[in-house]
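Quick notes on the structure that follows.
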Amino acid sequence: MFYKFIIIAFIFSTGCISGWILELFYRRFKLTNKEHIWVNPGFLTGPYLPLYGFGLTLLYLLAGLEDYIPVQETYMRRGVLFLVMSVAMTLIELIAGEIFIIRMNLKLWDYSQMR
């Protein structure tokens, strides 16, 4: 049991840190960042973005459910798993965004210009 907790904690930490690095470089070379300055993408102190950690952990847990999807063909089962993972990631982002807007009065991202 403790071994599984260590694996989940490692996956969560890996997701948090690698997501922070990904966002850091994305924001550095984003076209709207004309001066190419470094922008801390997170609201925490340190190189962590928990949204990516929760996402990677959820994807890891959902990947273990592939054998339980009642579809015979392997490619179809993986397609269904991909759709389930896509919906799960979208829900994580939606729920996290709503929590930050309602509880902390903080809008971390905005997709309204992409309509």
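FYI, it's all coordinate maths here, none of it is from the lab. This structure is a prediction, so every number in the text was calculated from the model and none was measured. A quick note on method: Cβ atoms are made from the backbone with ideal geometry, for glycine too, and the neighbour counts reach across all protein chains shown.
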State the number of residues belonging to region 57-70 that are of a type in the set (Val, Ile, Thr) and in a helix (DSSP H, G or I). 1
Residue count for region 71-115, restricted to those that are aromatic (Phe, Trp, Tyr), within 20 Å of the chain's Cα centre (by Cα), part of a helix (DSSP H, G or I) and farther than 18 Å from THR57 by Cβ: 1
Which of (1) in a helix (DSSP H, G or I); (2) acidic (Asp, Glu); (3) without any contact (Cβ under 8 Å) to a residue 24 or more places away in the chain does GLU23 not meet, given it meets every other one? (3)
So GLY42, is it of a type outside the set (Phe, Trp, Tyr), outside any helix (DSSP H, G or I) and under 23 Å from THR90 (Cα atoms): yes
Could you list, in sequence order, all residues of region 58-94 that are surrounded by fewer than 13 Cβ atoms within 10 Å (Cβ to Cβ), within 20 Å of SER13 (Cα to Cα) and of a type in the set (A, V, I, L, M)? LEU61, ALA63
Residues that are surrounded by fewer than 13 Cβ atoms within 10 Å (Cβ to Cβ), at positive phi and either among the basic types (Lys, Arg) or not in a helix (DSSP H, G or I) (or both): does region 45-56 have at least one? yes
